[in-house]
Amino acid sequence: MFLRGSIARLRPELAKVRFQQPPRIAPLLVRSFSSGQQTRFKQTFFNPNEEPDKNKDNKKRKKKGPDLGNQPQDFFKNTKWTNWIFPGLVITLLLNSYSGAENNQMTFQDFKVNFLEKGLVKRITVINSSFVEAELVTQHPRIVGFTIGSVEFFEKELDEIQDKLGIPNNERIPVSYIRRSSILSYIMPFVPTLILIGGTYYLARQLQKRAPNGKGGGPLNNIMGIGKSKAKLFNQETDITVKFKDVAGCDEAKEEIMEFVTFLKEPKKYEKLGAKIPKGAILSGPPGTGKTLLAKATAGEAGVPFLSVSGSEFVEMYVGVGASRVRDLFSTARKLAPCIIFVDEIDAIGKSRESGPMGANDEKEATLNQLLVEMDGFEDTDHIVVLAGTNRADILDKALTRPGRFDRHISIDRPDIEGRKAIYKVHLKPLKLEHPVTDEFAGRLAALTPGFSGADISNCCNEAALIAAREDAEVVKLVHFERAIERVIAGLERKSRVLSPEEKKTVAYHEAGHAICGWYLQYADPLLKVSIIPRGQGALGYAQYLPGDEYLISQEQFEHRMIMALGGRVSEELNFDDITTGAADDFKKVTQMANMMILRLGMSKKLGTITFETNSQQPQVHKLFSEETFELIDNEVKRVINEAYEKCRNLLTEKLDEVEKVAQELLAKEVLTRDDMIRLLGPRPFEEKNDAFKKYLLPPNEQQNHPEEGAQAA
Ligand SMILES: Nc1ncnc2c1ncn2[C@@H]1O[C@H](COP(=O)(O)OP(=O)(O)OP(=O)(O)O)[C@@H](O)[C@H]1O
Ligand SMILES: [Zn+2]
């Protein structure tokens, strides 16, 4: 229908009166938009009951059977359907505006031949000077219509035909002129605006749906829900499967946090006695030590919802957003109570308000204030516990840590050997291993990875499994772990980096110098491996030592470490005419150590027991010490380094043959283990200082007796 009459198609205003559909579309429009809005509400605003609701819906649907068509409510609830409402609407509108076509529309030519010249026309109405409706004497059709270009031309034609037919003036066909405006002509001016608004809405909804988590994060949320908290809710039944047993190695922290668990589980016990329960605790410690994990486990043990949010998520460029998000977070928490809120990286908002070179930041301060207000605002009876994680407990605002807010401070340190062992046991469980996990195996891995955090260990276990899979191994073996550990410590092996024979020789003598120093210095850490295979970023060779879990380091230890670090360059000097750039990193270490000894550790007799450390965060207005002191510091740092250099040179000159042996072996094999070193040089003349190393890594025969114990060599 809408194809007939090309003029009609080009002139939408002709579609007028026949456009009877609006009453039918209107209710549809209202309903679909309201259902659309409901969906938007669900997605934009954080709705804790969303999950259960969905389940209910599903259950209902299941009961009633799958035929959506027979269930109008279900049909309208079906969000997929609403996706189509807008495009559908536009198409309908366009179709209607173009197609309100006349059933009996024709060209003027047809009209002339078929009706006019046969004298069948009773009356003619010219509508809007562009369309003609003719009433006929016949019943079928009774009315016909056609478009005209201009009224004058049409009148002239009409007159001419009637002249030709000889119709007298008083019997001629009466022509009336009318103006008819359709509803559409009122609507049309608004159509572009409507399309624009609808289109924007539709687009925004589509974009929002593509948001990674369905809630928060979508572009629409950025506009509409900016003040909403981005807290992530972990559903109690499904998500929080973490229990205290999954958090290994931080027993003291677990014990401390246990109090919150009992409180959340049996608040009555405390309330009965009138006791006030701490509202929150700060969990502090280096990255990856399991702060988040511990908080989650607390929720898991207490069986309460867990709301997790990062401090940086409160920080937006718009003023007032942070505070509004804090408010939203707490109002959500109140609805979910009893529950645990975990704010990771609280230093992002909780930084001391005076600190920082730029002074206080208003927006951050407002956010922090809101947090303080909220924490003051909830009562013990609200049963909310706020835990916060940070790597920098020292820079937190004092207001945060005062009683009544985060009044517990639980610090989690990097795990010691026993802690690492326990964490390995947790992360080895899911792997398919060669042997069942023994105490010895976990201990060996723990001994190999001093300084690793829980996250490093988890990463290492996964890396080992990946390496095993790459080799198509059936099970994950110890060698895979060893390779994974090396990779985590020193970076990827880069066999593709080909060194020239000269370069290789230099690297071999350099590394041999380090290794010999380490072997014959009493306080050097046990050596595990020397290698001249390039690794990671720029390292051409490396030696792997195993420092123990030490909390105090002696001055002699410091000195020995410096001598070891200088061993590479000194060996180059002794064995070649020229020196290379390979020792840059070693010098950096040496200088750092020397500076620390002089400036912070009071290890210089001349300067005495003063710390010269400056607070780099605050702008320096005046000099903290005199020119003479500056000079003295300079001289002392130089002296310490020079002394280490001299000792190193003496040692390596004495052991030149040993350096040669190790370097040659390195050139031949590229990698030397501790056993190779023993074969070449005899056992190390000192007992190893690292207990973990002795316990888990030394072969049993070496563990009992140290034949050369006490022998002097250096
Ligand atoms: N004590 C532990 N026991 C078992 N696994 C641990 C332990 N500590 C860390 N992990 C592992 O490391 C991962 C990262 O830990 P988590 O995210 O809790 O560290 P975090 O201290 O919160 O780090 P960040 O300070 O970077 O936020 C955990 O998912 C877990 O797999
Ligand atoms: Zn070096």
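The values are calculated or read from the model by the stated rules, or taken from the named source; none is laboratory data. Note that the structure is predicted; figures quoted are calculated from it, not measured. Note that each Cβ is placed from the backbone with ideal geometry, even for glycine, and that neighbours are counted across all protein chains shown.
Just a few scattered comments:
- Candidates are the residues of region 433-462 that are part of a helix (DSSP H, G or I) and surrounded by fewer than 16 Cβ atoms within 10 Å (Cβ to Cβ); the one that is farthest from ligand 1 (Cβ to nearest atom) is Glu440.
- In region 576-593, the condition of being within 16 Å of ligand 1 (Cβ to nearest atom), on the phi < 0 side of the Ramachandran plot and among the acidic types (Asp, Glu) is met by no residue.
- Being closer than 27 Å to Lys504 by Cβ, outside any helix (DSSP H, G or I) and touching a residue at least 12 places away in the same chain (Cβ under 8 Å) is a condition met by at least one residue of region 645-667.
- Positions within region 668-698 being under 30 Å from Tyr551 (Cβ atoms), outside any helix (DSSP H, G or I) and touching a residue at least 60 places away in the same chain (Cβ under 8 Å), in sequence order: Thr673, Arg684, Pro685, Phe686, Glu688, Lys689, Asn690
- Among the residues making up region 157-205, those that are of a type in the set (Gly, Ala, Ser), more than 15 Å from Thr125 (Cα to Cα) and surrounded by 11 or more Cβ atoms within 10 Å (Cβ to Cβ) are Ser182, Ser185, Gly198, Gly199, Ala204.
- Selection count where residues are part of a helix (DSSP H, G or I) and under 22 Å from Thr449 (Cα atoms), scope region 531-561: 4
- Of all residues in region 255-290 being more than 16 Å from ligand 1 (Cβ to nearest atom) and among the β-branched types (Val, Ile, Thr), the one that is surrounded by the most Cβ atoms within 10 Å (Cβ to Cβ): Val261
- Checking Asp549 against (1) more than 25 Å from Leu681 (Cα to Cα); (2) away from ligand 1 (no atom under 16 Å from the Cβ), the condition it does not meet: (2)
- When Met593, Met562 are checked against the criterion of being farther than 26 Å from Tyr696 by Cβ, touching a Phe, Trp or Tyr at 6+ places or on another chain (Cβ under 7 Å) and either surrounded by fewer than 20 Cβ atoms within 10 Å (Cβ to Cβ) or not β-branched (Val, Ile, Thr) (or both), a single residue qualifies: Met593.
- Search result, residues across region 589-627 that are of a type outside the set (A, V, I, L, M) and modelled with pLDDT of 85 or more: Lys589, Thr591, Gln592, Asn595
- Any hit, region 382-392, residues being farther than 26 Å from Val261 by Cα and modelled with pLDDT of 90 or more: no
- Checking Glu572 against (1) more than 10 Å from ligand 2 (Cβ to nearest atom); (2) more than 38 Å from the chain's Cα centre (by Cα); (3) closer than 23 Å to Asp676 by Cα; (4) in contact (Cβ under 8 Å) with a residue 40 or more places away in the chain, the condition it does not meet: (1)
- Region 245-269 residues that are closer than 17 Å to Asp407 by Cβ, paired with ones that are charged (D, E, K, R) and away from ligand 1 (no atom under 15 Å from the Cβ) (beta carbon under 6 Å, 6 or more apart): none
- Checking each residue of region 562-574 against the condition of being over 21 Å from Lys588 (Cβ atoms), more than 16 Å from ligand 1 (Cβ to nearest atom), at pLDDT 85 or above and outside any strand (DSSP E or B) gives at least one match.
- Of all residues in region 426-445, those that are at pLDDT below 85 have Cβ atoms under 9 Å from Cβ atoms of residues that are surrounded by 14 or more Cβ atoms within 10 Å (Cβ to Cβ) and aromatic (Phe, Trp, Tyr), 6 or more apart or on another chain, in His435/Phe441.
- All positions within region 391-416 that are more than 14 Å from ligand 1 (Cβ to nearest atom), more than 12 Å from Gly350 (Cα to Cα) and in contact (Cβ under 8 Å) with a residue 24 or more places away in the chain: Gly404, Arg405, Asp407, Arg408, His409
- Total residues in region 576-602, condition away from ligand 2 (no atom under 14 Å from the Cβ), in contact (Cβ under 8 Å) with a residue 12 or more places away in the chain and over 19 Å from Glu631 (Cα atoms): 1
- Selected residue (criterion: farthest from the chain's Cα centre (by Cα)) from residues of region 336-347 that are of a type outside the set (Val, Ile, Thr) and farther than 12 Å from Leu307 by Cα: Asp347
- Only one entry of Leu499, Leu528 meets the criterion of being surrounded by fewer than 24 Cβ atoms within 10 Å (Cβ to Cβ) and not in a loop (DSSP other than H, G, I, E, B), and that entry is Leu528.
- Any pair with Cβ under 9 angstrom, 6 or more apart, that starts in region 525-536 at a residue that is under 13 Å from Ser496 (Cβ atoms) and ends at one that is crowded, with 21+ Cβ neighbours inside 10 Å and of a type in the set (Gly, Ala, Ser): Ile533/Gly541; Pro534/Gly541; Arg535/Gly541
- Pick from region 463-496, criterion more than 16 Å from ligand 2 (Cβ to nearest atom), part of a loop (DSSP other than H, G, I, E, B) and not acidic (Asp, Glu), ranking: surrounded by the most Cβ atoms within 10 Å (Cβ to Cβ): Lys477
- Unique residue being at pLDDT below 75 and away from ligand 2 (no atom under 16 Å from the Cβ) when the list is Leu233, Leu283: Leu233
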